[in-house]
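Heads up, the thing below is written out as structure tokens.
The values are calculated or read from the model by the stated rules, or taken from the named source; none is laboratory data. Because the structure is predicted, anything quoted here is derived from the model rather than measured. For neighbour counting, all protein chains shown are included, and Cβ atoms are generated from backbone atoms with ideal geometry for every residue, glycine included. Note: areas computed on protein heavy atoms with side chains; ligands, DNA, RNA excluded. Shrake-Rupley method; radii C 1.70, N 1.55, O 1.52, S 1.80 Å.
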Amino acid sequence: MLDMKVLREQPEVIRANLEKRGDTARIPVLENAMRWDRDWREGQRELDHLRHQRNVVTGEIRELKAAGRDAGAKIREAAELPERIRSLEARVDEIQRNLRDAMLRIPNLLHESVPKGATEEDNLEVRRWGKPKAPAFELKGHAELAEALGIADFERGRKAAGAGFVYLLGDLARLDQALLRFGTDFLVKRGFTPVFPPHALRRSAYEGMVDLTAFEEVMYKVEGEDLFLIATSEHPLGAMFMDEILDADRLPLKFAGVATQFRKEIGAHGVDTKGLFRMHQFNKVEQFVFCRPEESWRIHEELQKNTEDFYKALGIPFRVVTLCSGDTGKVAAKTYDMEAWFPRQNAYREVGSNSNCTDYQARRLNIRGGKAGGEKFLVHTLNNTLVATSRCMVAILENFQRADGTVTVPKVLRAYMGGLSKVGEKQGRATKRKSPHRRTRRGES
RNA sequence: GCGGGGAUGGCCCAGCUCGGUAAGGCGCUGGAUUGCUAAUCCAGUCCUCGAAAGAGGUCGGGGGUUCAAAUCCCCCUCCCCGCGCCA
């Protein structure tokens, strides 16, 4: 949510921002917000005046009674006030709800460096690293390859849980864990605190982070419980400190969220949609920072460097783009997308996203910094994917694929895989061997 | 799931039986004082409106009773302890 001060004092800034985002459809929302704000302040003043009257009269009644004198006349005078107060309260509440709803629909102010544009075509390339290698043989799609190697079973994933779920097996299960562990250690060395957060949040907590009316259809809800499975660890990490005051001396707080995420997004989006690229469930190491307002832009670059260094360590070519105004999410003031090279698609594709949300999330979550009893300020929040293992594994399976159908394990990951340097040797039985495992009577522990 | 106890300002806690408009402590900030850290004293410490003076709100949430609700009545949520179940 934006600062009400901006709405009152510089509405033209908000309007220009909507125009830059290409979201002129929302200009009426802004105009309504301005009107409701005026109405609200007017109504509130009137209400305060009535309440003041009531307080004065009840004070008089109390004094008369304390002095043992008759308060009947004053009580009759006071008796008509509650109804007037109640009806005005109802009206003021409604105006305030309208105002808040409108404010929640107005997106964050973009940073001046965000290029103007409508779609991802207009995103601005910032830099490239690494040379995509032209393969000397025909590459297999990662899903086909992984199935052939027996390290992923999409079919049984569908049988047991539906499309979008998979059984990772053998070396691929290890590779997933290796990425998580390498990623965690990588961020710990850079001063981040690892967090394994709750994987479900109640509605009230979730609503602090996102507009559930818009997101509910892509979220998994637990039946019969007030719980939603998390779509990214950004959500539990933000909710972690809502309504709190963070000690200014301890900022910035840098967290490495390690979690499994659940999203219902499906649908066909281009080539190789089968496979790990777009899943209902995947693992991720996420950078999340709470900081002072004046340091957020420096930290935004720092988080970006972390992700780039991570991909350099793996040896995967990438490019970085600044999202244009039309492609930037509602809560972000500026976003960089990390795009890894996918040789099968002969293209750079998104593997992570780095946003400075300035004080937009913090205002809604009511997360402030400062000293208890001292000056307080809204913190800035930033989040950046370090690695989403699903997409990163696709990049590894494609970029490091060898002619013999095996895949080279990036050097930095080998220590996390018992020294393994190649994936795919002496496997391929798992999908063929049918082992009729019996259930034990009370379930295995 | 059953039983019991709770939710009060940044934190701890009083007030609730008996309605009269949140006491006290800790922490923090500023000031005074003493040759230092300390101690002591004073003021401040949440949200909203307002240029300010000031006013209003706030006792887990929502209803109700009343001139007046932290306090009385009804409904709900969450937390803690014990029991049950159980990785």
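If I compute solvent accessible area with a 1.4 Å probe over the protein chains, what percent of it on chain A is carbon and sulfur?
Within chain A, the accessible surface is 48 percent carbon and sulfur.
Count neighbours as other Cβ atoms within 10 Å of each site's Cβ, and list the trypsin sites (Lys or Arg not before Pro) in the stretch A:1-109 that are DSSP loop with at most 15 such neighbours.
A:69
Using the heavy atoms of the protein chains alone and a 1.4 angstrom probe, what is the accessible area of the stretch A:121-173 per residue in square angstrom?
Normalised by residue count, the accessible surface of the stretch A:121-173 is 60 Å².
With only Lys, Arg, Asp and Glu charged, each at its Cβ (+1 for the first two, -1 for the last two), find how big the charge dipole of the stretch A:4-105 is about the Cα centre; round to the nearest 20 debye.
Result for the stretch A:4-105 is approximately 200 debye, rounded to the nearest 20.
Note down the nm distance, to one decimal, between modelled labels 7 Å out along Cα→Cβ at residue A:204 and at residue A:100.
Rounded to a tenth, the inter-label distance reads 1.3 nm.
According to the square roots a ≥ b ≥ c of the eigenvalues of the Cα gyration tensor, what is the shape class of the stretch A:1-113, taking rounded for a/c under 1.5, prolate for a/b larger than b/c otherwise, and oblate for the remainder?
Since a/c reaches 1.5 and a/b is larger than b/c, the shape of the stretch A:1-113 is classed as prolate.
Go ahead and set up a Gaussian network model of chain A, Cα springs under 10 Å, then flag whichever of A:82, A:198, A:343 fluctuates most.
A:82
Out of the stretch A:311-372, which trypsin sites (Lys or Arg not before Pro) are coil in DSSP terms and have no more than 14 other C-beta atoms within 10 Å?
A:371
Computed FRET efficiency, Cβ-Cβ of residue A:163 and residue A:366, R0 45 Å: what is it to the nearest 0.05?
It comes to 0.70.
At 0.36 nm per residue, and after removing the present C-alpha to C-alpha distance, how many nm does the segment from residue A:35 to residue A:346 gain when stretched out fully?
106.8 nm
Normalised by the residues of the stretch A:4-105, what does the relative contact order come to in percent, with Cα pairs under 8 Å and at least six apart?
Taking the mean separation of contacting Cα pairs over the length of the stretch A:4-105, I get 37 percent.
Mind giving me the nanometre distance, one decimal, between the label points for residue A:48 and residue A:129, set 7 Å out from Cα along Cα→Cβ?
5.4
Taking springs between alpha-carbon atoms closer than 10 angstrom, which of A:214, A:332, A:16 fluctuates most in the Gaussian network model of chain A?
Judging by the Gaussian network model, the answer is A:214.
Using the Cα atoms of the stretch A:120-423, I'd like the radius of gyration and the largest Cα-Cα distance, Dmax, both in angstrom.
For the stretch A:120-423, the Cα-based Rg and Dmax read 19.6, 67 Å.
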